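What follows is a single structure, written as structure tokens, with notes after it.
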Amino acid sequence: MAFEEMWRDLAPIGRSATSGGYVRQPWTSAESELRSWFAEECAARGLALETDGIGNQVAWWRPEGTSGPGVLTGSHLDSVVDGGAYDGPLGVVSALAAIDRLRSRGFQPDRPVGVGVFVEEEGSRFGRACLGSRLVTGATTWSEARELTDRDGVHLGDAVSAAGLDPDAGLVSLDDVGCFVELHVEQGRDLVGRDAAVGVASGIWPHGRWRFEFAGEANHAGTTRMEDRHDPMLTYAMTALAANKQARLAEQRATFGRVEVVPNGTNAVPSLVTAWLDARADTDGALTDLVGAVARQAHDRAERDGTTLSVTAESVSGSVAFDAALASRLAGPARPGGGWPVIATQAGHDAGILSAAGVPTAMLFVRNPTGVSHSPAETASTDDCLAGVEALAEVLAELAGAGPGASA
Ligand code: GLV
Ligand code: MN
Ligand code: MN
């Protein structure tokens, strides 16, 4: 099935009728539909599919004559809450389309070529980014992860079982993976500025999520004098402003994108405000400094407001430098047009987790004309997506083909 047909098939799955965005949370019916779609596409191509106990999928094209460590590509199919169509699925659909191209050209790989789909990449349900690949690489253990809870208090272990999976059935193994190449829509406008449809990643900024719990005293919104209040909303509001200022001053990123308020009543001073800080910086030290500065200002303000504050790290990803030799080889200055630009990203990816686990890893980015991502407005042109498929096919052919330099 051609790229455009696969894209059309995926379009309605998990799409919100109101926003047009995607709600493809892991271990929900939308995600299981996506998993079935992937299984069908793999079956149609005769790929050998393995689905593990938590829903990660890896499908191998292993024609006769292939041997040695394989070349893995792929991405994820889950989305943030009300996300775009491209973040994740573009890498999976492009991987299948790239294999189709190679086959139609009669290409015979020397090494197996695999397509992986990792679950809960966004951490949108259980708060831990790249959870599937973290579990597969051992960066997170199942005994810890199974206790994570979603917004409704459901434990991960129960959610996985309720989705018809058996978490005790084990995880896919990456033992036979020689290198990983993830194609992804760009989540910025760097490639627009460089007038390039495709780019190669140099690395990923360190980033993470911290839960700030501001506790105060519930009280009447009318009868409680302003000076008598212990209002955690004020402490939170000042903290959100401080985070923004701190990030601007340091040329880093800080966002409060999710807040929960108890009891969340219009005419009551709240007793508890929980807010999640997403922070990103260009070095690990700068990230620690940024989060430390925000937490310090929040504590100072809490003292003035008569509230209390606790800060808990929920998901932290260190800085990633992708295999530089692999990146410059893929960027290929000899390619027509002088090669693909090599750019850094502030977004997290399973590729970062595999790279941290020691797998030689690279990423290809496809131009995003607006730069918008994690939003229903995320987009990429069909021409650029097809250029991405062609780029990925070239890369897979180079890495899985004959010759001493083939594998990373
Ligand atoms: C993943 O997309 C992230 O960087 O949040
Ligand atoms: Mn993604
Ligand atoms: Mn994302």
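FYI, it's all coordinate maths here, none of it is from the lab. The shown structure was predicted, so the numbers you read here are calculated from the model rather than taken from an experiment. A quick note on method: Cβ atoms are made from the backbone with ideal geometry, for glycine too, and the neighbour counts reach across all protein chains shown.
Where the Cα atoms of the chain are projected onto their three principal axes, how long is each span, largest first, in whole Å?
Principal extents (Cα only, largest first): 78, 46, 38 Å.
Quick one: length gained pulling residue 328 to residue 251 fully straight, 0.36 nm per residue minus the C-alpha distance?
On the way: separation 77, 0.36 × 77 = 27.72 nm, distance 2.71 nm.
The span from residue 328 to residue 251 would gain 25.0 nm if fully extended.
Could you work out [θ]222 nm for the chain from helices alone, using -39500 (n - 2.57) per DSSP H run of at least four and dividing by all its residues? Round to the nearest 500 deg cm²/dmol. Walk me through the numbers before you get to the answer.
Working: 12 runs with 138 residues, N = 408.
Counting only the DSSP helices, I get -10500 deg cm²/dmol.
With each pseudo-label sitting 7 Å past Cα toward Cβ, what's the residue 288-residue 189 distance in nm, one decimal?
My value for the distance between the label points is 3.6 nm.
Which peptide among 209-215, 58-64, 178-184, 254-260 comes first, and what is the full order, when sorted by highest mean count of other Cβ atoms within 10 Å?
178-184, 209-215, 58-64, 254-260
So for the pair residue 4, residue 344, with labels modelled 7 Å out along Cα→Cβ, what separation do we get in nm?
For residue 4 paired with residue 344, the spin-label model returns 3.9 nm.
Among 155, 207, rank each residue by its count of other Cβ atoms within 10 Å, from fewest to most, as a rough exposure measure. Intermediate results must be reported in sequence, preceding the final value.
Values: 155 15, 207 22.
Sorted ascending by nearby Cβ count, the order is 155, 207.
For a quick check: sort 314, 120 by the number of other beta carbons within 10 angstrom, fewest at the front.
Starting with the residue having the fewest Cβ neighbours, the order is 314, 120.
Kindly rank 108-114, 124-130 from highest to lowest mean number of other beta carbons found within 10 Å of each residue.
Going by the mean number of other Cβ atoms within 10 Å, highest first, we get 124-130, 108-114.
Where does helix 382-400 land angle-wise versus the long Cα axis of the chain, in degrees 0 to 90, nearest 10?
Rounded to the nearest ten degrees, it is 60.
So for 78, 190, 231, fewest C-beta neighbours within 10 Å to most, what's the order?
In increasing order of surrounding Cβ atoms, one gets 190, 231, 78.
Which Cα, out of 256, 127, 165, lies furthest along the positive dipole direction of the chain (beta carbon charges, K/R +1, D/E -1)?
256
Would you kindly state how much longer the chain becomes between residue 225 and residue 67 on full extension, computed as 0.36 nm times their sequence separation minus their alpha carbon distance, in nm to one decimal?
49.3 nm
Can you compute the charge dipole magnitude of the stretch 204-320 about its Cα centre, using +1 on each Lys and Arg Cβ and -1 on each Asp and Glu Cβ, nothing else charged? Give it in debye, rounded to the nearest 20.
220 debye
In whole percent, what relative contact order does the chain give with Cα contacts below 8 Å and a gap of six or more residues?
On the way: 899 pairs, mean separation 90.8, N = 408.
Relative contact order here is 22 percent.
How big is the antiparallel share of DSSP beta bridges in the stretch 70-209, given as a percent to the nearest 5?
10 percent
Describe numerically, in nm with one decimal, the distance between label points set 7 Å from Cα along Cα→Cβ at residue 18 and at residue 314.
The two pseudo-label positions are separated by 2.1 nm.
Subtract the Cα-Cα distance of residue 147 and residue 296 from 0.36 nm times their separation in residues, and report this length gain in nm to one decimal.
Full extension of this stretch gives 50.7 nm more.
Over the Cα atoms of the stretch 319-408, what Rg and Dmax result, in angstrom?
Taking only Cα atoms of the stretch 319-408, I get Rg and Dmax of 14.2, 44 Å.
If you restrict to DSSP beta bridges whose two residues both lie in the chain, what percentage is antiparallel, to the nearest 5?
If I count the DSSP bridges inside the chain, around 70 percent turn out antiparallel.
Determine the shape class of the stretch 190-285: with a ≥ b ≥ c the square roots of the Cα gyration tensor eigenvalues, call it rounded for a/c under 1.5, and otherwise prolate if a/b is greater than b/c, oblate otherwise.
It comes out prolate by the Cα gyration axes.
Can you bin the stretch 59-126 into rounded, prolate or oblate? Criterion: square roots of the alpha carbon gyration tensor eigenvalues sorted a ≥ b ≥ c, rounded for a/c under 1.5, prolate for a/b above b/c, oblate for the rest.
Numbers: a/c = 5.10, a/b = 2.12, b/c = 2.41.
Oblate, because a/c is 1.5 or more while a/b does not exceed b/c.
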